[in-house]
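Novice: Following this message is one structure expressed as structure tokens.
The values are calculated or read from the model by the stated rules, or taken from the named source; none is laboratory data. All of these numbers come straight from a predicted model, not from anything done at the bench. Neighbour counts run over all protein chains shown; Cβ positions are idealised from the backbone, glycine included.
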Amino acid sequence: MKVDEVLDRIEYLVHHARHVPFSSQVMVDEDEVMDLLDQLRFNLPEEIKQANWTVQEQQRLITEAHGEASRILSRANERAEQAVQEHEIQRRAKRDAEQLLASATARADQVIRESETYALEQLQQLEAHLSRTLGTVKRGVEVLQTSTAAAPAEEAEADASDTRSG
């Protein structure tokens, strides 16, 4: 089951659980909730792997952009060196090289910005997803803690009632 599905199932269990009389607490099947929490523990590393992949992909794109910029700069320098033999050719070569360099720099900057934007969007989506996941898990833990703490008190109250009536 995916993390979202497990969280939906926990939420369903809490919303459809039997209410404890005279309280806002509910009773849930402990085994089922613990099984769902185990599934969350198993699936969350996959979400973290996805975040790591996003960061690695960003680094790859940035490295690729720098490589492309270096190749373009190298070609521009080669062209400039070949064109220095005559004055007019030299001026044109310099102008072309500067334009090519400006174009390469602008392209590299654009690729870097786009890859950083993409990585940021992916990480923000993952952060929101993990935040929702953590909120649901915390609510589930609170419900379980509340129902676990209330159960011994109710049993003691029931035992006291039985001894008074017996």
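Novice: Being within 14 Å of T148 (Cα to Cα) and surrounded by fewer than 16 Cβ atoms within 10 Å (Cβ to Cβ) is the filter here, so list the residues in segment 28-39 that pass it. Can you show your working first?
Specialist: Taking segment 28-39 and keeping what is within 14 Å of T148 (Cα to Cα), we get 28-31, 33-34.
Result: D29, E30, D31, M34.
Novice: Hey, among A150, A108, which residue is aliphatic (A, V, I, L, M) and free of Cβ contacts under 8 Å to residues at least 60 places away in the same chain?
Specialist: On the way: A150 fails: free of Cβ contacts under 8 Å to residues at least 60 places away in the same chain.
Of the residues listed, the single one that is aliphatic (A, V, I, L, M) and free of Cβ contacts under 8 Å to residues at least 60 places away in the same chain is A108.
Novice: A104 - would you say it is assigned to a helix (DSSP H, G or I) and closer than 28 Å to D4 by Cβ?
Specialist: On the way: assigned to a helix (DSSP H, G or I): yes; closer than 28 Å to D4 by Cβ: no.
Here the answer is no, as A104 does not meet what is asked.
Novice: Still on this structure, I have one more. Taking A80, is it of a type in the set (A, V, I, L, M), in contact with a helix residue (DSSP H, G or I) (Cβ under 6 Å, 6 or more places away or on another chain) and at pLDDT 80 or above? Lay out the reasoning, then the answer.
Specialist: Numbers: of a type in the set (A, V, I, L, M): yes; in contact with a helix residue (DSSP H, G or I) (Cβ under 6 Å, 6 or more places away or on another chain): yes; at pLDDT 80 or above: no.
In short, no.
Novice: Given the conditions (1) at pLDDT below 90; (2) of a type in the set (G, A, S); (3) over 30 Å from H15 (Cβ atoms), and given that G140 satisfies all but one, which numbered condition is not satisfied?
Specialist: So the condition that G140 fails would be (3).
Novice: Just name the residue that is farthest from P21 (Cα to Cα) out of those in segment 119-150 that are surrounded by 14 or more Cβ atoms within 10 Å (Cβ to Cβ) and aliphatic (A, V, I, L, M). Walk me through how you get there before you give the answer.
Specialist: Quick first cut of segment 119-150, residues surrounded by 14 or more Cβ atoms within 10 Å (Cβ to Cβ) only: 119, 122-123, 126, 129-130, 133, 136-137, 139-140, 143-144, 146-147, 150.
The next check asks that each one be aliphatic (A, V, I, L, M); those that pass are 119, 123, 126, 130, 137, 143-144, 150.
Values: A119: 50, L123: 44, L126: 39, L130: 34, V137: 25, V143: 15, L144: 16, A150: 11 Å.
The extreme case among them is A119.
Novice: Scan A51, A65, A76 and give me the residue that is more than 29 Å from the chain's Cα centre (by Cα), aliphatic (A, V, I, L, M) and over 30 Å from H15 (Cα atoms).
Specialist: Going through A51, A65, A76 in turn, just one is more than 29 Å from the chain's Cα centre (by Cα), aliphatic (A, V, I, L, M) and over 30 Å from H15 (Cα atoms): A76.
Novice: Right, here's the next one. Could you grab the pairs with beta carbons closer than 9 Å, sequence gap of 6+ or different chains, first residue in segment 120-135 and part of a helix (DSSP H, G or I), second one small (G, A, S)?
Specialist: Matching pairs, first to second residue: Q122/A51; L123/A51; L126/A51; E127/A51; L130/A51.
Novice: May I ask you to list pairs of residues, at least six apart or on different chains, whose Cβ atoms are under 6 Å apart, with the first in segment 41-63 being among the hydrophobic types (A, V, I, L, M, F, W, C) and the second being in a helix (DSSP H, G or I)?
Specialist: Cβ pairs passing all conditions: A51/L126; L61/S115; I62/I112; I62/S115.
Novice: Could you tell me which numbered condition S24 fails, if it satisfies all but one of (1) within 14 Å of Q145 (Cα to Cα); (2) assigned to a helix (DSSP H, G or I)?
Specialist: So S24 meets the others, but not (2).
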